[in-house]
Amino acid sequence: MAMSQPLIACHDCDLLHQVKALPPKCTARCTRCGALLYVHAPDTLDRTLAIAITGLVLMLLANIYPFLSLESQGTILETTLITGVIILSQQSPLGLAILVLLTSMLVPCMFLFALLYTLGSMKIGKSLPARKRLFRIALTLRPWSMTEVFLLGILVSVVKLSKLASIIPGTALFAFLALVFVLAAINTTLDPHVIWEKMDP
Ligand SMILES: [Zn+2]
């Protein structure tokens, strides 16, 4: 199957190698220049699943607790980031609000959910429908839920919205900050080759 034997190019000399599952604590190096290609991620299924669940809980906290406070007609309103994005869409170009919504919420949420669905079904030993397709979607979304992109989305919203409202240094903000670490952790624990191999009967 083409998916289980993908190719990887050396970052230093561009030599192509076939990706193989590694034994524990092993690293794969380029046969020509010795540069590091990839490393074995131990317990990739359990660890990634646990981190993905943590990420979804943080996402929930980040969205139910107030993120912004703004003054309107003499009263202080506290709102979530979603409401902030709606305010942003009224004050700024619509494209910016959509970009903020995608990078800071929708894509990380879809990424975490697709991981939970695929890895969770493997963990309980049930072949749920379309899990391969969802795992493929998760891998496609992976670069878009990278820490940098996520941080950029949050930063843009903070900078833009701070002109209209103030950011509450509370649960929602800390949950967003913790999500940065969660997304970074997934990138080190998730080893797609191991997952594909386990998924194929
Ligand atoms: Zn090389």
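The values are calculated or read from the model by the stated rules, or taken from the named source; none is laboratory data. This structure is a prediction, so every number in the text was calculated from the model and none was measured. Cβ atoms come from the backbone with ideal geometry, glycine included; neighbour counts cover every protein chain shown.
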> If you go through the stretch 45-52 one residue at a time, do you hit one that is polar (S, T, N, Q) and more than 16 Å from the ligand (Cβ to nearest atom)?
Replying inline: yes
>> Please go through the stretch 51-78 and give me each residue that is closer than 20 Å to SER157 by Cβ and of a type in the set (Val, Ile, Thr), ordered by number.
In response: ILE64, ILE76
> Which of the following residues is farther than 28 Å from GLN73 by Cα, without any contact (Cβ under 8 Å) to a residue 12 or more places away in the chain and in a helix (DSSP H, G or I): PHE174, PHE135, PHE113?
Replying inline: PHE174
> Of (1) more than 23 Å from LEU155 (Cα to Cα); (2) modelled with pLDDT under 85; (3) more than 16 Å from the ligand (Cβ to nearest atom), SER104 satisfies all except one. Which?
Replying inline: (1)
>> Just to verify a result, which residue in the stretch 18-44, among those that are at pLDDT 90 or above and surrounded by 12 or more Cβ atoms within 10 Å (Cβ to Cβ), is farthest from the ligand (Cβ to nearest atom)?
In response: ARG29
>> Of the residues SER162, SER157, only one is crowded, with 21+ Cβ neighbours inside 10 Å and modelled with pLDDT under 80; which?
In response: SER157
> Going by the conditions given, is LEU177 loosely packed, with under 15 Cβ neighbours inside 10 Å and modelled with pLDDT of 80 or more?
Replying inline: yes
>> Which pairs turn up if I take residues in the stretch 15-39 that are assigned to a strand (DSSP E or B) and look for partners that are more than 14 Å from the ligand (Cβ to nearest atom) and of a type in the set (S, T, N, Q) with beta carbon separation below 9 Å, at least 6 apart in sequence or on another chain?
In response: GLN18/GLN5; VAL39/THR188
>> PHE135 - would you say it is farther than 17 Å from THR54 by Cα and of a type in the set (Phe, Trp, Tyr)?
In response: yes
> What number of residues within the stretch 89-109 satisfy the criterion of being free of Cβ contacts under 8 Å to residues at least 40 places away in the same chain, farther than 15 Å from ASN63 by Cα and surrounded by fewer than 19 Cβ atoms within 10 Å (Cβ to Cβ)?
Replying inline: 6
